[in-house]
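K.L.:
Below is the structure I would like to discuss, written out as structure tokens.
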Amino acid sequence: MTRLWNDPAAFADEMIDGFVAANGRYVRRVTGGVVRAGGTPAGQVAVVVGGGSGHYPAFGGLVGPGLAHGAAMGNLFASPSAQQIRAVAHAAHAGGGVFFSYGNYAGDVLNFSAAEERLRAEGIACATVTVTDDVASAGPHEHERRRGIAGDLTVFRAAAAAASAGYDLAGVARIARHANDRTRSFGVAFTGCTLPGAPEPLFSVPPGRMAVGLGIHGEPGIEETDVPTADELADLLVRTLLAERPAGADGRVVPILNGLGSLKYEELFVVYRRIAELLGDAGLEVVDPHVGEYCTSFDMAGTSLTLFWLDDELAGLWETPVDTPAYRRGAAAVSTTAAAESAAASATAAARATATATADAGSHPIAPGDDASRAAARVVTSVIDAVAATIDVHVDELGRLDAIAGDGDHGIGMQRGAHAARAAAHDAVAAGAGAGTTLACAADAWSDRAGGTSGALWGVILASVATALGDTGRPDRAAVVSGVAAGARGVVAYGHAEIGDKTMVDALAPFSSELGRAVAAGAPLAEAWRTAAEAATSAAAATADLLPRRGRARTHGQHSVGTPDPGAHSLALIATAVGDLLATERNGHHD
Ligand code: ADP
Ligand code: MG
């Protein structure tokens, strides 16, 4: 369990502050995460990694010469927001473009893709390779759908070595893709993990049992067995990974035995002893073995084995020195590289400072709305107050639903988002904003603070409605209908889920069409909203029968049959609460 914290909600931020205070030689704090203290050498491709916190040394601990140039650090087990990622990328960029790499999780993909889109629009070249090393998460024929676990390290390191060697953006991406194709991991767990302040573990493994293939956020494994001996575990890990030896691999392999947080190094060495024998028996040449913690999962007791299959190019890149807070290789050589790199980097410092300032100025300037729109903005804040209140009531329930096949963070993510949106909306109204700007500020704050998949998607929904409301005149029913419809289209465009995939789309689509139908039939907004909320509620309940085909829950879909989708359920709760609020507003206030 996690024993020490102040305010659980502040844990990730305070952790980053302390990490930076302890590692000022390596890293500098920027909005959204950290970059190398010495900066990125001018013209070098900036390798930006990232993901949720709780996996140290991933991701901030891997920033420094020879490895990442920057890391976007999200909340505990939640993807960093697009705003955070964009700010870190701006701070790391030194004219050579930005290369992103991160584990393949729906929330990370959404937020990194959104950041990439913004950066491209700003004229910064970007490329991405997601890490898909976990063989337990999808079959070999769908390698690209697998999730990323400790194999992050090999992909990040190969990409960063290529960047230091002067490869261009396309070259760095090619190396990273190749490294990812040559990286396979497989893991087991003996206990769950408990997030700071949580009354119980996020998930658990029965005593004496071992979850095979369990994900690093507690995504369920593929089977459960009795805890084996150390040697039997070594056999299982090696056998599983040798069955997936990539075509063309010549037999040189880097093994990485990763501890997930609560296994002792001594236990790992006992297991590694047998792994080394087995790899030798299989006729493989073991290169630079790693035994230790490279990607943890809070206090989870478990381990994973990664095999990284080298060829001449990857082997050459693998030999280059690395010097980061948590990971060092070839230390003597590194200091020269580091000195040279930071001298080159200081030349770009001024440009970087400007870029960071631009990235930070991402929120909405408050142009005052007219009287009618400012009156509507006050209704918008009451709506967001009601949203936050209903999420507070249901936060644990949403977490439990998400823990069944996802990672258990849906309640806390929605709560962080709703609270931030509420604060931003109140600030905007106090500054004289109209309805559209008020909701736009709330949308930005929501996606920035919530993180995760649903945070990005709620940002899209609220921003779409904000655009439709505008800052002049009293918004009418038609504006609300078209804003909600645009939000529904935006969620599909962004997340690519279709009706029946068991996501929030299953509640949002009927909500939007029912709202449009009722308004077109002449119903006042509050009444139309209530009918639409009822449609969303029954559609959300009906998702219990579905198998998830999108998002984190997809990997272990069968676990969720019988339980509604958390994102659809929260959407229905929000729709209902807003309906109740609108009904108590004066008739005609809004339409
Ligand atoms: P994360 O999956 O990043 O942990 P949350 O737990 O906050 O994020 O949200 C999970 C919810 O997000 C799911 O229940 C589902 O409704 C929604 N979701 C996931 N992927 C998609 C997608 N591609 N399109 C629409 N909704 C999605
Ligand atoms: Mg989740």
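K.L.:
Among the numbered conditions (1) surrounded by 24 or more Cβ atoms within 10 Å (Cβ to Cβ); (2) within 16 Å of ligand 1 (Cβ to nearest atom), tell me where SER113 comes up short.
P.N.:
Only one criterion is unmet by SER113, namely (1).
K.L.:
Looking only at region 274-287, which residues are part of a helix (DSSP H, G or I), surrounded by 15 or more Cβ atoms within 10 Å (Cβ to Cβ) and of a type outside the set (D, E, K, R)?
P.N.:
Answer for region 274-287, where residues must be part of a helix (DSSP H, G or I), surrounded by 15 or more Cβ atoms within 10 Å (Cβ to Cβ) and of a type outside the set (D, E, K, R): ILE275, ALA276, LEU278, LEU279.
K.L.:
If we scan region 193-208, do we find a residue that is assigned to a loop (DSSP other than H, G, I, E, B), touching a residue at least 40 places away in the same chain (Cβ under 8 Å) and touching a strand residue (DSSP E or B) at 6+ places or on another chain (Cβ under 6 Å)?
P.N.:
Taking every residue of region 193-208 in turn, at least one turns out to be assigned to a loop (DSSP other than H, G, I, E, B), touching a residue at least 40 places away in the same chain (Cβ under 8 Å) and touching a strand residue (DSSP E or B) at 6+ places or on another chain (Cβ under 6 Å).
K.L.:
State yes or no: is ASP444 touching a residue at least 60 places away in the same chain (Cβ under 8 Å), away from ligand 1 (no atom under 16 Å from the Cβ) and in the same structural domain as VAL379 (by TED's automatic domain parsing)?
P.N.:
The answer is yes for ASP444.
K.L.:
Please verify whether region 496-511 includes one or more residues that are farther than 17 Å from HIS569 by Cβ, away from ligand 2 (no atom under 16 Å from the Cβ) and at pLDDT below 95.
P.N.:
Scanning region 496-511 turns up at least one residue that is farther than 17 Å from HIS569 by Cβ, away from ligand 2 (no atom under 16 Å from the Cβ) and at pLDDT below 95.
K.L.:
Considering every residue within region 288-303, establish whether at least one is part of a helix (DSSP H, G or I), more than 14 Å from GLY251 (Cβ to Cβ), at pLDDT below 95 and not aromatic (Phe, Trp, Tyr).
P.N.:
Scanning region 288-303, I find no residue that is part of a helix (DSSP H, G or I), more than 14 Å from GLY251 (Cβ to Cβ), at pLDDT below 95 and not aromatic (Phe, Trp, Tyr), so the answer is no.
K.L.:
Same structure, new question: Could you identify the single residue in PRO8, PRO57 that is farther than 15 Å from ALA160 by Cα and at pLDDT below 95?
P.N.:
PRO8
K.L.:
Does region 181-200 contain at least one residue that is among the aliphatic types (A, V, I, L, M), farther than 30 Å from PHE11 by Cβ and in the same structural domain as ALA301 (by TED's automatic domain parsing)?
P.N.:
Within region 181-200, not a single residue is among the aliphatic types (A, V, I, L, M), farther than 30 Å from PHE11 by Cβ and in the same structural domain as ALA301 (by TED's automatic domain parsing).
K.L.:
Okay, moving on. Write out, first by first residue and then by second, each pair whose Cβ atoms fall under 7 Å of each other, whose residues are 6+ apart or on separate chains, and whose first residue, in region 17-43, is farther than 24 Å from GLY166 by Cα while the second is among the hydroxyl-bearing types (Ser, Thr, Tyr) and at pLDDT below 95.
P.N.:
What qualifies is VAL30/THR356.
K.L.:
Next up: Is it fair to say ILE175 is out of contact with any Gly (no Cβ under 9 Å at 6 or more places or on another chain), closer than 23 Å to TYR327 by Cβ and buried (at least 23 other Cβ atoms within 10 Å of the Cβ)?
P.N.:
In short, yes.
K.L.:
Return the residue satisfying two criteria in turn: it lies in region 556-575 and is part of a helix (DSSP H, G or I) and surrounded by fewer than 20 Cβ atoms within 10 Å (Cβ to Cβ), and of such residues it is modelled with the lowest pLDDT.
P.N.:
So, considering only residues that are part of a helix (DSSP H, G or I) and surrounded by fewer than 20 Cβ atoms within 10 Å (Cβ to Cβ), the one modelled with the lowest pLDDT is GLY557.
K.L.:
Still on this model: Please name all residue pairs, on different chains or six or more residues apart, with Cβ atoms under 9 Å, provided the first residue is in region 72-95 and is at pLDDT below 95 and the second residue is of a type in the set (A, V, I, L, M) and part of a loop (DSSP other than H, G, I, E, B).
P.N.:
LEU76/LEU195; PHE77/LEU195; PHE77/LEU202; PHE77/ILE216
K.L.:
Test PHE19 against the stated conditions and say whether it is assigned by TED's automatic domain parsing to the domain that holds GLY197 and under 18 Å from the mean Cα position of the chain (by Cα).
P.N.:
no
K.L.:
Could you say which residue among THR467, THR453 is over 18 Å from ALA78 (Cβ atoms) and assigned to a helix (DSSP H, G or I)?
P.N.:
THR467
K.L.:
If you don't mind, there's one more thing I want to ask. If you check ALA521 against the conditions, is it surrounded by fewer than 16 Cβ atoms within 10 Å (Cβ to Cβ), more than 16 Å from ligand 2 (Cβ to nearest atom) and among the small types (Gly, Ala, Ser)?
P.N.:
yes
K.L.:
List pairs: first in region 218-240 and assigned by TED's automatic domain parsing to the domain that holds GLY302, second assigned to a strand (DSSP E or B) and polar (S, T, N, Q), Cβ under 9 Å, 6+ apart or cross-chain?
P.N.:
Once the first residue is assigned by TED's automatic domain parsing to the domain that holds GLY302 and sits in region 218-240, its partners that are assigned to a strand (DSSP E or B) and polar (S, T, N, Q) give LEU233/THR303; LEU236/THR225; LEU237/THR303; LEU237/SER304.
K.L.:
For ASP471, which of the numbered conditions (1) closer than 14 Å to ILE384 by Cβ; (2) in contact (Cβ under 8 Å) with a residue 24 or more places away in the chain; (3) away from ligand 1 (no atom under 16 Å from the Cβ) fails to hold?
P.N.:
That leaves (1) as the condition not met.
K.L.:
Being surrounded by 18 or more Cβ atoms within 10 Å (Cβ to Cβ), more than 20 Å from SER79 (Cβ to Cβ) and not small (Gly, Ala, Ser) is the filter here, so list the residues in region 28-65 that pass it.
P.N.:
Correct list: ARG36, THR40, PRO41, GLN44, VAL45, PRO65.
The values are calculated or read from the model by the stated rules, or taken from the named source; none is laboratory data. These numbers come from a predicted model, not from an experiment. Neighbour counts are summed over all protein chains in view; Cβ atoms, including those assigned to glycine, are modelled from backbone coordinates with ideal geometry.
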